[in-house]
Amino acid sequence: MQRSGKHRFRLARRSDLPAIVRLLADDDLGGTREIVSDPVDARYFAAIEADANQLLAVATDAADRVVGCLQLSFVPGLSRTGMWRGQIESVRVASDLRGSGLGSHFIEWAIAQCAERGCGLVQLTSDKTRGDAIRFYEKLGFVASHEGLKLNL
């Protein structure tokens with residue numbers, strides 16, 4: 001666990017899942033992709049929980065309310081002499097806290113986790129329709145150095 005002002009960052013617990021899924025669903029794209037249900041669909045956490053190279057984290061406020069989430073994947077590489085990479089996914093901050101600095105601190109915390117695991121670089125993707133998110137990552141030093149492609153199955 002680490003603190004940043006009035007927020008702290010920690011590993012997610014199963015009890016955090018309803019709040020995490022609500023955060024994932026709280027935008028135009030997420031609202032079409034996520035399943036907000038009670039109980040939470042077990043597929044959201046089962047594989048992450050079972051894989052030592054996955055880390056699901058939350059940001060919480062002083063009342064321990066989940067106000068942010070992200071997933072880190074630690075990926076072994078073949079190129080760059082087998083360099084490990086940290087992959088950041090599913091970054092969300094509660095809509096009432098966007099622009100507060102919480103997201104910057106949370107990403108900096110995630111980068112530190114990657115460094116502690118021996119990663120030589122950190123990468124992420126953002127949907128091209130999320131212009132604000134892309135500008136946010138660029139302000140943190142991320143560079144659009146590669147073109148990302150996806151194929152839905």
- Using just the helices of the chain, give the 222 nm mean residue ellipticity in deg cm²/dmol: DSSP H runs with n ≥ 4 each add -39,500 (n - 2.57), and the total is spread over all residues, rounded to 500. -8000 deg cm²/dmol
- Query: Of R14, R92, R80, which has the largest mean-square fluctuation in a 10 Å C-alpha GNM of the chain?
  - Reply: R80
- Message: Over the chain, with the other protein chains present, what is the accessible area per residue in square angstrom, probe 1.4 angstrom?
- Response: 62 Å²
- Message: Over the chain, what is the relative contact order in percent, taking alpha-carbon pairs closer than 8 angstrom and at least six residues apart?
- Response: 18 percent
- Whole-percent carbon and sulfur contribution to the accessible surface of the chain (1.4 Å, no ligands, DNA or RNA) stands at 53 percent
- All aspartates and glutamates inside 17 Å of K6 as judged from Cα atoms, apart from same-chain residues fewer than 8 positions distant: D61, D64, D96, E108
- Task: Show E34, E49 ordered by accessible area, largest first, where the area counts protein heavy atoms only and the probe is 1.4 Å.
- Result: E49, E34
- Task: Pull the list of the chain cysteines that no other Cys approaches to under 4.7 Å, Cβ to Cβ.
- Result: C69
- Note on the structure: Reviewing [x] 10, 39, 39, 11, 0; [y] 10, 41, 33, 13, 2, 0; [z] 11, 34, 34, 15, 5, 0, the figure for P(r) over Cα pairs in 10 Å bins from 0, in percent actually calculated from this model sits under [x]
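The values are calculated or read from the model by the stated rules, or taken from the named source; none is laboratory data. On a predicted model such as this, the values are computed, not experimentally measured, just so you know. Heads up, the Cβs are rebuilt from the backbone with ideal geometry, glycines too, and the neighbour counts pull from every protein chain shown. Accessible surface areas use protein heavy atoms only, side chains included; no ligands, DNA or RNA. Shrake-Rupley method; radii C 1.70, N 1.55, O 1.52, S 1.80 Å.
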